[in-house]
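Novice: My structure is below; once you've seen it, I'll send some questions.
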Amino acid sequence: MRVRRTGGHVLAEAMPAAEEAGNDVRREVKVLESWTKQQAILAESLVVLPRVIETAEPERLHRAPAPGEWSAHVVICHLLLDEMNTAMILRLILTQDYPTLVAIDADNALCESRFAPVYPDTLTALGLWRVLREDNVRLCRSVSSQDLERCGRAFWRSDQKLSFRQHVESRGRHDATHIDQIRSALADQRK
Ligand code: NI
């Protein structure tokens, strides 16, 4: 603790308060920098994901790389379901006080059999994902730093608590995992 002397008075209390305020500002700047980065990651997938599948033949997109593994088409349909969940989760967190969050096909048991066959081709599913992602990116741009810390009750987390910011961050990582999965599914098929 630094002690500043002014006119003989010791401002021992003033300095730590100022330092604390400085730390708060620095913390806030860090959070906002990280938030800007997270939004950029979500927006970047709008460019990367279409590029990953654009040159692949439809037949190739539908071929599972190995028995029991998802084809690129199923992975895209999973990303679409996940984006529907994200649309709902983010809006529930913003509009209700600690809402109970839900997720369609949270254990990924039905994506391949129930949802992927709904889409006649991968581009239809991708187009829907794109519209929802654009809207979620738009929503993210509108939130305040207080909104970022709003929480919902999430059964899939050990502490049951999920903030707006945490969900967005986790979706960036989720994108990366599944984009890699699509790349390797398509690469395998070229062998
Ligand atoms: Ni997933």
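Novice: Roughly how far apart, in whole Å, are the Cα centres of segment 71-142 and segment 159-189?
Specialist: Comparing the Cα centres of segment 71-142 and segment 159-189, I get a distance of 12 Å.
Novice: Going by a ≥ b ≥ c, the root eigenvalues of the Cα gyration tensor, does segment 31-135 fall in the rounded group (a/c under 1.5), the prolate group (a/b larger than b/c) or the oblate group?
Specialist: oblate
Novice: Report the relative contact order of the chain, percent, no decimals, based on alpha-carbon pairs under 8 angstrom and at least 6 residues apart.
Specialist: The value is 28 percent.
Novice: By the gyration tensor of its Cα atoms, with a ≥ b ≥ c the square roots of the eigenvalues, what is the shape of the chain: rounded for a/c under 1.5, prolate for a/b over b/c, or oblate?
Specialist: Note, shape of the chain comes out prolate.
Novice: Here is a follow-up. Using helices alone, what [θ] at 222 nm do you get for the chain, with -39,500 (n - 2.57) per DSSP H run of 4 or more residues, divided over all residues and rounded to the nearest 500?
Specialist: When only DSSP H runs of four or more count, the value is -21000 deg cm²/dmol.
Novice: Among rounded, prolate and oblate, which fits segment 115-161 when a ≥ b ≥ c are the square roots of the eigenvalues of its C-alpha gyration tensor, a/c under 1.5 means rounded, and a/b larger than b/c means prolate?
Specialist: oblate
FYI, it's all coordinate maths here, none of it is from the lab. The model shown is predicted, which means the values in this text are computed figures rather than measured ones.
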